[in-house]
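The values are calculated or read from the model by the stated rules, or taken from the named source; none is laboratory data. In this text the structure is predicted, and so the values were computed from the model without any measurement. Neighbour counts run over all protein chains shown; Cβ positions are idealised from the backbone, glycine included. When the accessible area is computed, the model is the full protein with side chains, heavy atoms only, and any ligands, DNA or RNA have been set aside. Shrake-Rupley method; radii C 1.70, N 1.55, O 1.52, S 1.80 Å.
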Amino acid sequence: MSTGAGAGTDVPADPVTAATTAAAPAAAGPVSTAPLAAGPVSTAPTAAVPTSTATVSADPAAAIPSTDQPIHPTTTQPVQAAATQPVQPTGLPGQHVAFSPEMARRDFPILHRTVNGHPLVWLDNGATTQKPRQVIETLAGFYGSANSNIHRGAHTMAREATEAYEAGRAAVARFLGAPSPDDIVFVRGTTEAINLVAQSWGRANLGPGDDILVPVLEHHSNIVPWQLIAKETRARVVPVPLQPDGQIDLHAYADLLSMRTQLVAVSQASNVLGTVPPVREMTALAHRYGAKVLVDGAQAVAHFPVDVQDLDADFYVFSGHKLFAPTGIGALYAKPEVLRDMAPWQGGGNMIDSVSFHRTTYAPVPHLLEAGTGHISGVVGLLSALNWLTSFDRDAIAAYETSLMAYAQQALATVPGLELLGSAPDRIAVLTFTLAGHAPSTIAEWLDRDGIAIRAGHHCAQPALAHYGLESAARASLALYNTSEEVDKLVASLHRLQQTA
């Protein structure tokens, strides 16, 4: 379903400079994407941007230890100094930096390359985000002069690497509003986190006749692990239907909940429709029946602030690579009373207290669930990415993305034969579409000729596409560094494609 302006051949005029000063959504609430009365936001460098007066806590324990400054192999800079100083990636110490997309773009080397002779337009952020130079330099610095295994070494570099790793855990806890770093388990990403919960918590708590409610809009990573454990425990996965606009049918959800319901697994933002469900309300209703709730935050964390305590989520999971951090690193949050009852999923080093052939005892959580050597550099890179992102006013980012999406919706509506999927009022900047006469793969290949990167296929969300009678679609997904000029290039290229038909 397309939204915005009526069909035509003209791309809307460049958006006005209103929305970066618009009111942003509450920290734990959904991001509204309704077009603003004054029109979508301008991405011109002169756009007005609010400056937050919030300050970083003076408590050294609350400061995120810095791994943002690269530690070059040719210097003698102590690693310890870099791991103990509060970081301010940009702007004045103790303040958030006023956000603008131009300011953000300067930090991304890859956004300044060309593809097929054209400047890169990266609109595949739902699959992965690009990495700022701070993260890239931090990774090089870690491997250049700070690399060591953690937790088990008595030497200086082992202590320093351990401090950086645990600083990353503390940063994730603050980022999610978790009560303690001990509530955070490092994993490879959202998929591994969900499988961990399914295999550890699920194996102990699911049985014959139990229900696992999973909305139709979910990513395969939040469907298949539950099917696997349900088959093993003889529980059943119950789909929660969608409304025509892509929202979860909350009446059906309420009807499906029962004393048989042991778990609700729901995304905070859909990767294919952009829908932001009312997770807090859904969680409260599930808890009335004694059910636990797992929230997949993979698509949410880069777009608006998250507070797991306000959501009252029992589990919350996300991936670093969708948050400007490296691939292969993610995190699981679980309520402490839930986490401490979870059995080991994997065995090995790091997760034990003592081992003999007669008896093995285990380390406390979160280490209990982190067998083996973790992705240490990934955690260091995730810490750097969180430092970078939270140096900006995140409410300003959310307001900017809301307005940029409104502009994109209006602009795409001018392309003949283009249909946008989903029109939920609360959504992130994900624009999945079909174009009459052209297969999604053909659309993606055409756009690539112009240096524009989008995704085509089923987006690991086949049930959501089947809701619209589709097997595949094209998807443009926006991030904080995208601009209205890039949207214009996308729309102009699609117009040219239609003219070739």
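At a glance:
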quantity: Failed criterion for Thr138 (all others in (1) among the polar types (S, T, N, Q); (2) within 30 Å of Ala474 (Cα to Cα); (3) open to solvent by less than 10 Å² (accessible area, probe 1.4 Å) hold); calculated: (2)
quantity: Hey, Ala173 at pLDDT 95 or above, under 18 Å from the mean Cα position of the chain (by Cα) and surrounded by fewer than 24 Cβ atoms within 10 Å (Cβ to Cβ) or not; calculated: yes
quantity: Among (1) open to solvent by less than 10 Å² (accessible area, probe 1.4 Å); (2) on the phi > 0 side of the Ramachandran plot, the one test that Ser270 misses; calculated: (2)
quantity: Subset of the stretch 323-377 that is among the small types (Gly, Ala, Ser) and under 24 Å from the mean Cα position of the chain (by Cα) - its residue that is surrounded by the fewest Cβ atoms within 10 Å (Cβ to Cβ); calculated: Gly328
quantity: Filter result for Ala453 (of a type outside the set (D, E, K, R), touching a residue at least 40 places away in the same chain (Cβ under 8 Å) and out of contact with any helix residue (DSSP H, G or I) (no Cβ under 9 Å at 6 or more places or on another chain)); calculated: no
quantity: Single match in Ala154, Ala178 (criterion: in a loop (DSSP other than H, G, I, E, B), open to solvent by 10 Å² or more (accessible area, probe 1.4 Å), over 16 Å from Val380 (Cβ atoms) and free of Cβ contacts under 8 Å to residues at least 40 places away in the same chain); calculated: Ala154
quantity: Residue that is nearest to Ala456 (Cα to Cα), among those in the stretch 416-444 that are among the polar types (S, T, N, Q) and open to solvent by 10 Å² or more (accessible area, probe 1.4 Å); calculated: Ser441
quantity: Some residue of the stretch 395-407 being open to solvent by 10 Å² or more (accessible area, probe 1.4 Å), at pLDDT below 95 and either closer than 27 Å to Phe175 by Cβ or not polar (S, T, N, Q) (or both); calculated: yes
quantity: Selected residue (criterion: farthest from Asp314 (Cα to Cα)) from residues of the stretch 181-212 that are under 16 Å from the mean Cα position of the chain (by Cα) and part of a loop (DSSP other than H, G, I, E, B); calculated: Arg188
quantity: Leading residue by the ranking (farthest from Thr275 (Cα to Cα)) among those in the stretch 447-501 that are hydroxyl-bearing (Ser, Thr, Tyr) and either touching a strand residue (DSSP E or B) at 6+ places or on another chain (Cβ under 8 Å) or open to solvent by less than 40 Å² (accessible area, probe 1.4 Å) (or both); calculated: Ser493
quantity: Search result, residues across the stretch 213-240 that are open to solvent by less than 50 Å² (accessible area, probe 1.4 Å) and over 23 Å from the mean Cα position of the chain (by Cα); calculated: Ile229, Ala230, Thr233, Ala235, Val237, Val238
quantity: Filtered residues of the stretch 202-246 (kept if more than 16 Å from Val295 (Cα to Cα) and of a type in the set (S, T, N, Q)); calculated: Asn205, Gln227, Thr233, Gln243
quantity: Positions within the stretch 298-313 being free of Cβ contacts under 8 Å to residues at least 40 places away in the same chain and open to solvent by less than 10 Å² (accessible area, probe 1.4 Å), in sequence order; calculated: Ala313
quantity: Residue ranges of helices (runs of 4 or more DSSP H) in the stretch 390-501 with at least 3 members of a type outside the set (Val, Ile, Thr) and within 20 Å of Ala298 (Cα to Cα); calculated: 394-412, 462-466
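Okay, residues lined up against (1) in contact with a Pro (Cβ under 6 Å, 6 or more places away or on another chain); (2) open to solvent by 70 Å² or more (accessible area, probe 1.4 Å); (3) modelled with pLDDT of 95 or more; (4) among the acidic types (Asp, Glu):
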{"site": "Gln69", "(1), (2), (3), (4)": "no, yes, no, no"}
{"site": "Thr74", "(1), (2), (3), (4)": "no, yes, no, no"}
{"site": "Gln77", "(1), (2), (3), (4)": "no, yes, no, no"}
{"site": "Ala81", "(1), (2), (3), (4)": "no, no, no, no"}
{"site": "Ile110", "(1), (2), (3), (4)": "no, no, yes, no"}
{"site": "Asn116", "(1), (2), (3), (4)": "no, yes, yes, no"}
{"site": "Pro132", "(1), (2), (3), (4)": "no, no, yes, no"}
